[in-house]
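Input: a single structure, listed below in structure tokens.
The values are calculated or read from the model by the stated rules, or taken from the named source; none is laboratory data. Computed from a predicted structure; not experimentally measured. Glycine also receives a Cβ, built like all others from the backbone with ideal geometry; neighbour counts cover every protein chain displayed. With ligands, DNA and RNA removed, areas are computed over all heavy atoms of the protein, side chains included. Shrake-Rupley method; radii C 1.70, N 1.55, O 1.52, S 1.80 Å.
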Amino acid sequence: MIAQLDKSIRQYILVTFNYWNFTLTDGALRMLVVLYFHDLGYSSLAIASLFLFYEFFGVVTNLIGGWLGARLGLNKTMNIGLGMQIFALAMLAVPSSWLTIPWVMAAQALSGIAKDLNKMSAKSSIKTLVPDNQQSSLYKWVAILTGSKNALKGAVSSLVEHC
């Protein structure tokens with residue numbers, strides 16, 4: 001069935017699938033950090049501060065992401081983001097005695113970079129998938145991608161809440 005679809009639609013589905021998977025792993029990574037440090041007795045403010053590097057490095061990545069995507073290619077930046085996310089997840093799969101504040105903040109920094117490389121690549125790649133004569137529908141396709149990701153997050157949150 002998918003093989004019969006237009007090549008650009010297949011690419012869109014692949015980008016969307018990638019974006020969804022990244023969303024799930026990113027959310028899982030952050031929740032694991034929150035729950036772990038909450039169990040250790042850290043305050044809400046202390047736990048929130050663990051995510052400063054996540055946000056800061058995400059902002060920095062957004063500033064240079066377009067240039068990087070144009071220089072390396074969107075596929076490559078998306079794959080770099082995925083690789084960095086896997087590495088960030090692996091950084092937390094260590095003995096609990098290694099999970100110090102600097103270590104976790106470094107993992108969060110990598111995850112922030114990975115998130116914005118992936119987001120920038122996914123949303124920008126849609127421009128290359130939409131035919132030139134249909135560029136007016138570009139925002140619709142980006143909105144579908146973003147909306148589907150947010151719906152996925154809502155569905156997962158709802159499932160977790162009911163478990």
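Count of the stretch 31-55 residues, restricted to those that are over 11 Å from residue 116 (Cα atoms) and open to solvent by 50 Å² or more (accessible area, probe 1.4 Å), is 15.
In the stretch 1-84, counting only helices (runs of 4 or more DSSP H) that sit wholly within it, the ones holding 3 or more residues that are in contact with a helix residue (DSSP H, G or I) (Cβ under 7 Å, 6 or more places away or on another chain) and closer than 27 Å to residue 103 by Cα span 7-39, 52-72. Can residue 69 be described as farther than 21 Å from residue 148 by Cα, buried (at least 19 other Cβ atoms within 10 Å of the Cβ) and out of contact with any Phe, Trp or Tyr (no Cβ under 6 Å at 6 or more places or on another chain)? In short, yes.
Sub-6 Å Cβ pairs linking a first residue in the stretch 90-102 that is in a loop (DSSP other than H, G, I, E, B) to a second residue that is open to solvent by less than 50 Å² (accessible area, probe 1.4 Å), at least 6 apart or interchain, are 92/107, ordered by first then second residue. For the stretch 113-125, the criterion of being without any contact (Cβ under 8 Å) to a residue 40 or more places away in the chain, part of a helix (DSSP H, G or I) and loosely packed, with under 11 Cβ neighbours inside 10 Å is met by no residue.
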